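Taken together, the values in this text are just the output of simple stated rules run on the coordinates, not laboratory data. Note that the structure is a prediction, hence the values are computed from the model and not measured. Using ideal geometry, Cβ is built from the backbone for each residue, glycine included, and neighbour counts are taken over all protein chains shown.
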Amino acid sequence: MSKLRITVLKKMHFPDLQATYAKEGTFDVCSAFEEGQVFETAEGKPDGFCSWAWADIQRDVTLVRSGADLPWIGRKNTMISCCTDGFRPVVFRIDRVDVAES
């Protein structure tokens, strides 16, 4: 199975959407990750990785792991993906690292 490196690229927060649509309370950017944080895995969800975010990026993890290169991504063996938290999404770079990096 291919080894993957998942890097946290960006954490965002949309307080305007939260003020309009959230049921109650306030919250800031996601506290599960830090920008620049790196996770590596040869199989399954990495230790310490948010289960909700993992479920959201699973399709892209599978694509990268299987060697798919999509035409809108400018690097081979790489995908940009994010969790689907509409108030505070997190963007990830998924790299297949058991091949020569381009």
note = Looking only at lysines whose Cα falls under 25 Å of LYS3's and that sit 8 or more positions away or on another chain, we get LYS11, LYS45, LYS76
remark   = Least to most buried among SER31, SER81, by other C-beta atoms within 10 Å and fewest first, runs SER31, SER81
request  = Please report CYS50, CYS30 as a ranked list, fewest other C-beta atoms within 10 angstrom at the top and most at the bottom.
outcome  = CYS50, CYS30
key: For LYS3, distant residues with modelled amide H under 5 Å away   = VAL97, ASP98
query = For segment 1-61, which GluC sites (Glu not before Pro) are in a loop by DSSP, counting at most 16 other Cβ atoms within 10 Å?
reply = GLU24, GLU34, GLU35, GLU43
request  = Give the calculated FRET efficiency between ALA19 and THR84 to the nearest 0.05, with a Förster radius of 22 Å applied to their Cβ-Cβ distance.
outcome  = 0.65
message = Just to be sure I understand, if you calculate Cα extents along the principal axes in Å for this structure, which of (i) 68, 38, 20; (ii) 46, 29, 21; (iii) 46, 36, 23 do you get?
response = (ii)
